[in-house]
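Please treat every number below as a calculation from the coordinates, not as lab data. Since we're looking at a predicted model, the values are computed, not measured. With ideal geometry, Cβ positions are generated from the backbone for all residues, glycine too; neighbour counts draw on all protein chains shown.
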Amino acid sequence: MRLPALIAIAALAGTLVAAPAAAATSLAQLATAKGVDIGVALDPNRLGEAAYKTIADTEFNLVVPENAMKWDATEPTQGQFTFTAGDTVAAYAAQTGKELYGHTLVWHSQLPNWVSGLDATALRTAMLNHVTTVATHFKGKVGSWDVVNEAFSDNGDGSRRSSVFQTKLGDGYIADAFRAARAADPGAKLCINDYSIENIGAKSTAIYNLVRDFKAQGVPIDCVGFQAHLILGQVPGDMRANLQRFADLGVDVRVTELDIRMATPPDATKLAQQASDYRAVVTNCLAVTRCQGVTVWGVTDKYSWIPGVFPGQGAALLWDDNYAAKPAYQAVAEALGGTTTPPAPAGCEVTYSVASQWNNGFTAAITITNTGSTAWSGWTLGFAFAAGQTVGQAWNATSTQSGSAVTLRNASYNATVAPGGAVSLGFNGTHTGSNPAPAAFTANGTACA
Ligand code: G3I
């Protein structure tokens with residue numbers, strides 16, 4: 001996507017009308033207004049977790065399956081295709097109105113053992129069959145495919161990775177895979193995707209030369225994915241120029257797997273640096289007209305691949321282990337044109353009951369649920385007593401009252417409420433015979449259900 005909403009509206013209306021300055025409440029709203037994608041790598045097995053699902057539902061306008069469309073997931077046994085997990089992600093994208101990004105058709109990793117046992121002729125047939133079958137299955141659903149992933153060497157010198165495909169099929173396997181993908185799904189954009197190519201260097205230049213050659217030879221290629229698995233404080237200074245030189249070849253570019261890892265545990269200094277790094281990446285993309293957007297490689301630090309692969313490293317995403325939005329979240333929102341103040345609670349729900357009542361006293365029990373997509377780092381519950389009641393001793397909160405207006409604030413130990421999370425509190429009060437429940441509640445100034 002790279003079509004600002006305002007232009008789309010103006011084109012429809014035939015006139016340029018300024019869009020109302022409605023407050024955006026999610027990264028998705030901000031990105032959509034700018035005509036770019038803000039994506040997330042999705043694990044469909046986590047959608048049963050309310051906080052995970054709420055964030056995925058509301059904060060992103062693109063999803064890519066983190067693992068569900070890979071070779072080991074889709075063709076674990078030769079010729080036997082299983083699309084269950086990939087279909088779940090595709091259905092989720094359709095249900096939630098998000099763009100679906102395909103990852104990935106040809107990759108040396110997460111490759112079933114049977115593939116590496118094939119001779120060159122059989123491997124070529126198997127690769128083309130895999131590309132054709134998977135791309136055909138998701139035809140019309142996937143907007144773009146990572147056709148070939150990580151084809152260049154880790155040593156960064158621009159040489160090809162000595163994968164089974166490279167070793168047995170030679171340089172031409174990449175073009176062959178792209179041609180097969182185009183034939184299977186002519187409507188999908190076809191990308192080459194890799195890491196450590198965010199800067200201008202030997203590895204990115206090798207891919208630059210490949211794209212240039214494909215264009216000259218008529219091999220179908222539409223886009224380049226820059227994974228951007230970055231290290232804290234190391235956003236390349238020439239990233240924007242690098243994206244631009246690829247765009248100048250006539251392909252789209254996008255950041256496909258962004259995370260920014262640090263030595264754990266995180267602290268305020270590291271999180272501030274991370275916020276600055278995220279801001280820089282998003283800003284670099286937005287500065288390049290052909291940059292389609294930025295995808296982060298997971299919802300929450302809790303399930304990130306990083307600690308398992310880089311022991312002692314992690315905290316690389318926008319939400320922490322408890323689904324609290326990190327400073328990087330706010331930085332991304334700001335880079336996308338959002339406000340500079342932390343988002344107010346996007347939703348709240350309150351239950352209020354009188355647990356017991358006597359002569360002129362009562363005990364009230366309250367539960368506040370964060371039904372929004374952003375974690376609260378503190379909360380204030382407001383309501384009014386209509387019949388002269390007063391609030392006295394409170395637990396799990398501190399209480400104040402001014403006239404009929406009661407304010408209950410978090411205690412030090414229950415300030416953080418993750419999306420989907422709830423806090424219970426209560427207080428003793430007085431009444432003068434009548435004790436109706438408050439008619440309405442606010443949390444952090446926002447009306448609650
Ligand atoms: O599904 C099995 C499960 O049945 C089993 O119990 C469990 C035990 O370890 O493993 C599960 O599979 C794991 C899979 O993720 C799903 O969780 C694999 O072991 C694990 O290796 C795999 O890791 C993925 C990794 O790619 C594989 O190389 C990560 O989740 C995924 O984030 C990562 O993503 C890659 C991109 O595709 C390409 N670019 C780099 C990026 C990070 O490595």
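Structure above, values below:
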read-out: Placed amide H near Ser159: partners under 5 Å, 5+ positions off or other chain; value: Ser153
read-out: Listed residues Asn155, Gly170, His137: farthest to the positive end of the dipole of the stretch 130-189 (Cβ charges); value: His137
read-out: Other-chain or far-sequence residues with amide H under 5 Å of Leu42's (modelled H); value: Val64, Glu66
read-out: Per-peptide average of other Cβ atoms within 10 Å, ordering 377-387, 190-200 highest first; value: 190-200, 377-387
read-out: The chain: antiparallel DSSP beta bridges as a percent of all, rounded to 5; value: 55
read-out: Potential lengthening between Ser356 and Trp114 on full extension [0.36 nm per residue; Cα-Cα distance subtracted]; value: 80.3 nm
read-out: Difference of contour (0.36 nm per residue) and Cα-Cα distance, Thr400 to Ala202; value: 64.9 nm
read-out: For the chain, calculated [θ]222 nm from helices alone, where every DSSP H run of n ≥ 4 adds -39500 (n - 2.57); value: -9000 deg cm²/dmol
read-out: FRET efficiency estimate (nearest 0.05) - Cβ-Cβ, Ala387 to Ala287, R0 41 angstrom; value: 0.10
read-out: Unit charges on C-beta of K, R, D, E only; dipole of the chain, Debye; value: 520
read-out: Rounded to whole Hz, the Karplus (6.51, -1.76, 1.60) HN-Hα couplings of the stretch 393-404, x for glycine and proline; value: 5, 10, 10, 6, 6, 10, 10, 9, 9, 10, x, 8
read-out: Ellipsoid equivalent to the chain - semi-axes via the Cα gyration tensor, in Å; value: 49, 22, 20
read-out: Protection-proxy order for peptides 236-248, 263-275, each taking the mean of Cβ atoms within 10 Å per residue, highest first; value: 236-248, 263-275
read-out: Pair Ala122, Ala216: separation of 7 Å Cα→Cβ label points (nm); value: 3.8
read-out: Spin-label proximity, Asn129 to the stretch 74-91 - amide N less than 13 Å from point 7 Å beyond Cα toward beta carbon; value: 75-81
read-out: Table column - 3J(HN,Hα) (Hz), the stretch 251-259, Karplus curve with 6.51, -1.76, 1.60, x for Gly and Pro; value: 10, 6, 10, 7, 8, 9, 9, 4, 8
read-out: Extension gain, Asn322 back to Asp248 (0.36 nm per residue minus Cα-Cα distance, nm); value: 22.5 nm
